[in-house]
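Please treat every number below as a calculation from the coordinates, not as lab data. Nothing here was measured: the structure is a model prediction, and the numbers come from that model. Quick reminder, even Gly has a Cβ in these numbers, built from the backbone with ideal geometry, and neighbours come from all protein chains shown.
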Amino acid sequence: MISIIVPVYNSEQYLSRCIESILNQTYTNFELLLVNDGSNDSSLSMCEKYATIDNRIKIISTENNGVSSARNTGLDASIGTYIGFVDSDDWIEPDMFEILIENAENYKADISCCNYFMNSTTEIILEHQINDNVVYSDRDCADFFLERKTFGNSVCNKVFTKRILKHKFDLGLSVGEDAFFLFEACLNSKTIVCCKEAKYHYYIRIGSATKIGFNEKVFQMLKFTDMIIEEIKKKKTSSVNEAYAYAFTSYFSVLNVLIYHRMEKKYKFEYEKVVSFLNLVTKKLLNEKKISKAKLLAYSLFYVNKSMYRYLITRYYNDKKVDFMT
């Protein structure tokens, strides 16, 4: 059995699509845990309506404590051998869980994942993070996550064996909570299997990046990547450089946000911390080819000509259509 956990908060506009995509799964041995996180729209009544027509649905209501708390509540209540997560504004293909569980069983994998689509009201984009069916074994699982090439940072296009989930979502993180949870799961895993078929649909809201105000939550990216480095130092010292390379991408993203919003002076301490870290890691890993040439080139331009870099990064973000932090 798989326990499918869906945090629900004011999701009335999308909730039916999400729930029905789960109820229509070809893999039928599941419980659907709808964790109502203090919604004040019609989400709860919609959940209750579906629960009357399918006894696999269980509703848990809590005060509004955020998505991580809701997922932890679902984990505590789950009885499945496997755990899956779906966000309430997303939906899944009818055979997603059948394929993920079949792969998990065939390869005796602790984590099974698939490709995904990014959906908006106007377009569907296939994210080719997984270009082939791959299996990773014990010593490679954490590195597989840190490489950022295939796995992604979301928990939603994956199935986990419950026995490896010895941890919960960190309530101290408002950004990167998925990534850190996933990282810890990889540390506990002996085998990970990935399939190249896209079976999960992420819904993204389209807007203009120029209209997005600066949000201090962006600094949470530094926090969770620092946490990853510390965990690697304690548990898998052979992967320390991979952890620094992973963190480079997060720190570089924060740098770009600060520059785009012209926040270097207001957040001088954070800005200097970011630049200092990027300088350190660039020197440390320059000859190890763990950071992409494109990122190294971009950072080199920032280092030698900050005015030109600001101009280019502003042009780049002004052309972005998707509302996202980095």
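Kindly write out, for the stretch 226-241 in residue order, the coupling ³J(HN,Hα) from the Karplus curve 6.51 cos²θ - 1.76 cosθ + 1.60 (θ = phi - 60°), rounded to whole Hz, with x marking Gly and Pro.
Once θ is set to phi - 60°, the couplings for the stretch 226-241 become 4, 5, 5, 4, 5, 5, 5, 4, 7, 10, 8, 4, 5, 10, 4, 5 Hz.
Please arrange 308, 227, 221, 96 by counting, for each residue, the other beta carbons lying within 10 Å of its beta carbon, fewest first.
308, 227, 221, 96
Return the sequence-ordered ³J(HN,Hα) values of the stretch 15-25 in whole Hz as given by the Karplus equation 6.51 cos²θ - 1.76 cosθ + 1.60 applied to θ = phi - 60°, using x for Gly and Pro.
Coupling constants for the stretch 15-25: 5, 4, 4, 5, 4, 5, 5, 7, 5, 8, 5 Hz.
So in the stretch 1-159, what percent of DSSP beta bridges are antiparallel if you round to the nearest 5?
Close to 30 percent.
Return the subset of 190/234; 268/289; 190/236 for which the Cα-Cα distance in this structure is over 23 Å, preserving the input order.
268/289
So what is the 222 nm mean residue ellipticity for the chain from helices alone, if each DSSP H run of at least 4 adds -39500 (n - 2.57) and you divide by all residues, rounding to the nearest 500 deg cm²/dmol?
-13500 deg cm²/dmol
Two decimals is fine: what is log10 I(q)/I(0) at q = 0.06, 0.07, 0.12 Å⁻¹ for the chain, from a Debye sum with one equal scatterer on every Cα and no solvent?
-0.22, -0.30, -0.89
On alpha carbon coordinates alone, what is the Rg over Rh value for the stretch 18-123, Rh being the Kirkwood radius?
Across the stretch 18-123, the Cα-based Rg/Rh ratio is 0.97.
Please work out the Kirkwood hydrodynamic radius for the stretch 209-318, using every pair of different C-alpha atoms, and report it in angstroms with one decimal place.
The Cα-based Kirkwood calculation yields 14.6 Å.
Using Cα positions and a limit of under 17 Å, work out the lysines in reach of residue 49, with same-chain residues fewer than 8 apart set aside.
58
What are the aspartates and glutamates whose alpha-carbon lies under 17 Å from the alpha-carbon of residue 265, with same-chain residues fewer than 8 places away excluded?
The qualifying aspartates and glutamates are 216.
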